[in-house]
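Here's the structure we're looking at; comments come further down.
The values are calculated or read from the model by the stated rules, or taken from the named source; none is laboratory data. All of these numbers come straight from a predicted model, not from anything done at the bench. Glycine also receives a Cβ, built like all others from the backbone with ideal geometry; neighbour counts cover every protein chain displayed.
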Amino acid sequence: MHVHILTDKAYETDAVDAIAEIHNAQLKLSFACYTNPDERLDALSKIEPSDSGLILYNITDWYSAGLRQLNILSGNGVPIIEVHPKNIFCESGSPLPKLNGNKVGLICGFQSRGLLTAIARLNNTKLSTTSVKTKRKVRIINGPNLNLVGQREPEIYGFDTLEDVEKSCVNIARSTDQSLEFFQSNYEGQILDWIQDSIGKIDAIILNAGALTHTSIAIHDALKAFPGKTIELHISNPHQREVFRHQSFVSLAADAVITGLGVKGYELALLSQI
Ligand code: CA2
């Protein structure tokens, strides 16, 4: 499994080096930065048809000789993915012209994280035993009465139902390469089981414990045992409400807290990198 990453921007090397370090344990990554077009051609000519793929990172100026080389590689069955940190379609840039062979695709707009997605894609294409190791695994856990959101008290919780929230979170998880499970229960024991079951399996829990936030030392203790990241989330801002909502046992065990942003808070928690 040998993936080549090619760029022509010297300032990108740090990001790519860090990514190469993470991935070299699982696959061989060769990273090269060529600002000189002739050197780039030379590098392309050294890629073997048996190699697993080529990632072109943030390269904007292509010229006919380069395209010819890429066409040969692509025709030889080497998958090629073009990655741009920015959304080139918003910046009046344009993608590489279509190649003859099996160009895999284009990823843009995810900053340097697009590289991870491209590597995971190539990894998957050729190595069925190494599934997508780069995916952050997230659980969103909702506590009591959150199944009523959108149906009652819209002045506090808005009009979106929990089902609507789940749908938008699933879309965000998909586009940010995270795997997501979305739960709701009215039972404290069930929430404890989901937290305990996350240990060793899940990278981050986004928890809206509902009213249990203000009462449950058991949830606090379970979160303390969870080694991943915990984001406490509330649709409303409990600090602006009754005094009994000002105390949170979850906050003491959480890495971050989002409150009062409505159901958008779920999406923001999912987009945050902690
Ligand atoms: O603001 C939040 O997200 C809360 O966690 C929601 C809880 C509340 O007990 C917390 O203090 C703050 C309540 C869950 C939703 O309960 C509803 C009750 C009736 C109608 C609609 C929702």
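The set of residues from region 234-247 being buried (at least 20 other Cβ atoms within 10 Å of the Cβ) and either polar (S, T, N, Q) or assigned to a loop (DSSP other than H, G, I, E, B) (or both) comprises just one member, Ile235. Out of everything in region 145-159 that is in contact (Cβ under 8 Å) with a residue 40 or more places away in the chain and surrounded by fewer than 18 Cβ atoms within 10 Å (Cβ to Cβ), what residue ends up being farthest from the ligand (Cβ to nearest atom)? Among those that are in contact (Cβ under 8 Å) with a residue 40 or more places away in the chain and surrounded by fewer than 18 Cβ atoms within 10 Å (Cβ to Cβ), it is Gly158.
With respect to the stated conditions, Leu162 is more than 17 Å from the chain's Cα centre (by Cα), surrounded by 16 or more Cβ atoms within 10 Å (Cβ to Cβ) and either at pLDDT 95 or above or more than 18 Å from Ile231 (Cα to Cα) (or both). With the structure loaded, tell me whether Thr259 is among the hydroxyl-bearing types (Ser, Thr, Tyr) and modelled with pLDDT under 90 or whether it fails that test. When the stated conditions are applied, Thr259 passes them. Residues in region 40-60 that are of a type in the set (Asp, Glu) and at pLDDT below 85: Asp51 alone.
Each row is one residue, and each column tells you yes or no for (1) assigned by TED's automatic domain parsing to the domain that holds Leu148; (2) in a strand (DSSP E or B); (3) touching a residue at least 40 places away in the same chain (Cβ under 8 Å); (4) away from the ligand (no atom under 16 Å from the Cβ).
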site	(1), (2), (3), (4)
Leu180	yes, yes, yes, yes
Asn186	yes, no, yes, no
Gln190	yes, no, no, no
Gln196	yes, no, no, yes
Gly200	yes, no, no, yes
Ala211	yes, no, yes, no
His220	yes, no, no, no
Lys224	yes, no, no, yes
Glu232	yes, yes, no, no
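Is it fair to say Thr13 is modelled with pLDDT under 85, hydroxyl-bearing (Ser, Thr, Tyr), under 25 Å from the mean Cα position of the chain (by Cα) and within 30 Å of Lys135 (Cβ to Cβ)? The answer is yes for Thr13.
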